[in-house]
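Rule-based calculations on the coordinates, nothing more; no lab input. These numbers come from a predicted model, not from an experiment. Virtual Cβ from ideal backbone geometry, glycine too; neighbours counted across all protein chains shown.
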Amino acid sequence: MSNIPEKDMVLAGIDQFLPTQKAQKDILLRIDDVMEDSVTQNKPDIAANAMKGLLGVSQISGLAFAKFLYVMEFQWPNYAQSKHQTFEDWACEEFGRVKTTIKRNSRVWEMLVSGDVPKDYAEKMKNMPIGCLIPIGNMWAQGWDVEPHQWMMLANAPDPTTINKIIRDIKKVEPKENSLQIEWYPAENKITMWKSGQPHNVYLQYDEADEVIQQGLERLLSGKALEK
């Protein structure tokens, strides 16, 4: 254990291969230790740094899984098991994912190390959620030509909706006919539903100082195909 409690809490769950349930239990128990240190030393930063560390682990876990899949598939012929089972079949059994999901995740790391993405933008993309990277990886695997400025736009995209718009522009493809597109404009208290090129607006009326309403809207609307 180090002398920095928030680092101990994070590393205790990821620096060794522990059964999932034990790792979860250890991290939850470590929270009590971190909070005790934080209160005893009268330093809320100790708790804040621990929480930031956990958020960082959560953020990188999807990309780490993608890298593991890519590297392990490359190394699969070196395993004796490869003589009677394909990597994809093995991965599906081990991780409880369908082949499409395994391939989409592996493809993300393959794209990042392919050399097709300018180095600076590839490094920046490593900080993006895996859910944002998968559609970019799918587009890359389809062989679309992407200009450097378009890679820059993708690397700086703030959300999945923006990424999908950039990808459609690269492909010169409009949204599927009759598909429903949803955009959220918090500054205008407005939600717009697009279908067949026609906007359908919903204007929200609520007390913007009410934190419960703000939290509820965030829970309902964030993480979806929305423009914030």
Query raised in the report: Each residue of the stretch 125-142 in turn: what ³J(HN,Hα) in whole Hz from Karplus with 6.51, -1.76, 1.60 and θ = phi - 60°, glycine and Pro shown as x?
Result: 5, 5, 8, 8, x, 4, x, 7, 7, 4, x, 5, x, 4, 4, 4, 5, 7
Report summary line: Calc'd 3J(HN,Hα), the stretch 202-213, phi into Karplus 6.51 cos²θ - 1.76 cosθ + 1.60 (θ = phi - 60°), Hz, glycine/Pro = x, comes to 10, 9, 9, 10, 7, 7, 5, 8, 7, 5, 5, 5
**Report entry** From phi via Karplus (6.51, -1.76, 1.60), per-residue ³J(HN,Hα) for the stretch 68-85 in Hz, x at Gly/Pro
**Finding:** 4, 4, 4, 5, 5, 5, 4, 8, 3, x, 7, 8, 4, 4, 5, 6, 10, 8
Report task. Please label the shape of the stretch 51-121 as rounded, prolate or oblate, based on the square roots a ≥ b ≥ c of the eigenvalues of the alpha-carbon gyration tensor (a/c under 1.5 means rounded; beyond that, a/b larger than b/c means prolate, else oblate). Result -> oblate
Query raised in the report: So which of Lys99/Lys126; Lys83/Lys126; Lys119/Lys165 end up more than 26 Å apart, counting from Cα to Cα?
Result: Lys83/Lys126
Report summary line: Proxy exposure order for Phe68, Phe87 (fewest C-beta within 10 Å first) is Phe68, Phe87
